[in-house]
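The block underneath contains the structure these notes are about, expressed in structure tokens.
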Amino acid sequence: MRSSHRACGKTILLGEHWVVYGTTALAVPIESIETVVDVLPGQTGFHLDVSAVHRATAERVYSTALEGLQIADMAADWAVHVQSSIPVGEGMGSSAAFGCALIQALAKATHQRLSFESLWERVLELETVVHGAPSGLDHTVITHGAPIAFYGPQKYDVLHWPTDCSLLLASSGQPGSTRQAVENVAQWRKDNLDHFEQLQRTMSDVIEVGVDSFQRGELQALGQAMNESHTALQTLGVSLPILDRLVQCALDAGAWGAKLTGAGLGGAVLALVPKPCITQ
Ligand code: MEV
């Protein structure tokens, strides 16, 4: 019998990269994009309908999922269909959504009840296959389907959406690699440790104010924190001229704040906009 599970996308308002080094991050789900995984135990042949991550990566993710759930003997050749509307390499959580949906569909197919902790650990293993050293932020927000302030592995608060919070995502058309971006930042940190630590302290304060503003619904102050975040991400070297141009376009058009979102080196820009600006 077919077992299916869906997971939504996500975007990060504040704290990408810094979160890898223990600073708070603020992320929200994007329910309008999703990945659906169907597991068909009666049928054979690992099969991807639509690329949620690259095929070779998907196969490694699949075998890691089977090991994690201890079902490698049983499920190695099951048919798995993946359909996704989450763009790959755009910072919208395509791999975490794939991981969340896959683990839950496989658990359903094998009648396993997973605690949240165990689901979290299993998906983190898959994210590690794809990204190398993930913080766990992406799959935490996707699993909850609610805004979260993330403080570290399994330490987070689930938040309410502020009234009238309108977000706009603009793709650069250039996919980025989270693994590459995280490695670049690690190298930058190594080469500029004092500067990194000083900037991290500043960003920690900025993010704290931003999270507080999100909770209070003070959107202009949140926008200011997003702008400062983009400048700091530029310093870390993960922005690109196209991302900077998109940020400037959004601000020129009246956005309260705009920044690259996710790992950078491509991907998308997120803008916080006054409600009347939204056209779709
Ligand atoms: C990627 O969506 C966010 C990063 O902070 C990496 C991570 O948190 O694992 C760049």
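So for region 244-256 (the condition being open to solvent by 10 Å² or more (accessible area, probe 1.4 Å) and within 16 Å of the ligand (Cβ to nearest atom)), does at least one residue qualify? Checked against the condition, which is being open to solvent by 10 Å² or more (accessible area, probe 1.4 Å) and within 16 Å of the ligand (Cβ to nearest atom), region 244-256 yields no hits at all. Which residue is surrounded by the most Cβ atoms within 10 Å (Cβ to Cβ), if the candidates are limited to region 194-207 and must be in contact (Cβ under 8 Å) with a residue 40 or more places away in the chain and β-branched (V, I, T)? Here the residue is I207. Residues that are surrounded by 15 or more Cβ atoms within 10 Å (Cβ to Cβ), at pLDDT 95 or above and of a type in the set (S, T, N, Q) do occur in region 22-29.
If the condition is being surrounded by fewer than 24 Cβ atoms within 10 Å (Cβ to Cβ) and either in contact (Cβ under 8 Å) with a residue 60 or more places away in the chain or out of contact with any strand residue (DSSP E or B) (no Cβ under 6 Å at 6 or more places or on another chain) (or both), then region 234-243 contributes Q234, T235, L236, G237, L240, P241, I242. Taking the numbered list (1) at pLDDT 85 or above; (2) within 16 Å of the ligand (Cβ to nearest atom) in turn, A65 passes all entries but (2).
Check region 109-128 and report whether any residue there is closer than 27 Å to A250 by Cβ and open to solvent by less than 20 Å² (accessible area, probe 1.4 Å). No, that holds for no residue. With the condition kept exactly as written, say whether any residue in region 181-193 is within 16 Å of the ligand (Cβ to nearest atom), open to solvent by 10 Å² or more (accessible area, probe 1.4 Å), touching a Gly at 6+ places or on another chain (Cβ under 8 Å) and among the β-branched types (V, I, T). Yes, there is a match, as at least one residue in region 181-193 is within 16 Å of the ligand (Cβ to nearest atom), open to solvent by 10 Å² or more (accessible area, probe 1.4 Å), touching a Gly at 6+ places or on another chain (Cβ under 8 Å) and among the β-branched types (V, I, T). Do we find that P153 is more than 22 Å from R6 (Cα to Cα) and more than 10 Å from the ligand (Cβ to nearest atom) in this structure? Answer is yes for this residue.
Taking every residue in region 244-267 that is farther than 13 Å from I12 by Cβ and pairing it with any residue that is of a type in the set (D, E) and within 12 Å of the ligand (Cβ to nearest atom), at least 6 positions away or on another chain, the pairs with Cβ-Cβ distances below 9 Å are G266/E90.
For region 208-215, state whether one or more residues are surrounded by fewer than 19 Cβ atoms within 10 Å (Cβ to Cβ), within 18 Å of V28 (Cβ to Cβ) and hydrophobic (A, V, I, L, M, F, W, C). Yes, some residue in region 208-215 is surrounded by fewer than 19 Cβ atoms within 10 Å (Cβ to Cβ), within 18 Å of V28 (Cβ to Cβ) and hydrophobic (A, V, I, L, M, F, W, C). The sole residue among S84, S4, S32, S94 that is more than 30 Å from V211 (Cβ to Cβ) and out of contact with any Leu (no Cβ under 9 Å at 6 or more places or on another chain) is S4. Highlighted here are the strands (runs of 3 or more DSSP E) found entirely within region 1-115 that include at least 1 residues which are without any contact (Cβ under 8 Å) to a residue 40 or more places away in the chain and not β-branched (V, I, T): 25-44, 78-84.
The values are calculated or read from the model by the stated rules, or taken from the named source; none is laboratory data. Since the structure is predicted, the reported quantities are computational estimates derived from the model, not experimental observations. Methodologically, a virtual Cβ is constructed for each residue, glycine included, from the backbone with ideal geometry; neighbour enumeration extends over all protein chains shown. Note: areas computed on protein heavy atoms with side chains; ligands, DNA, RNA excluded. Shrake-Rupley method; radii C 1.70, N 1.55, O 1.52, S 1.80 Å.
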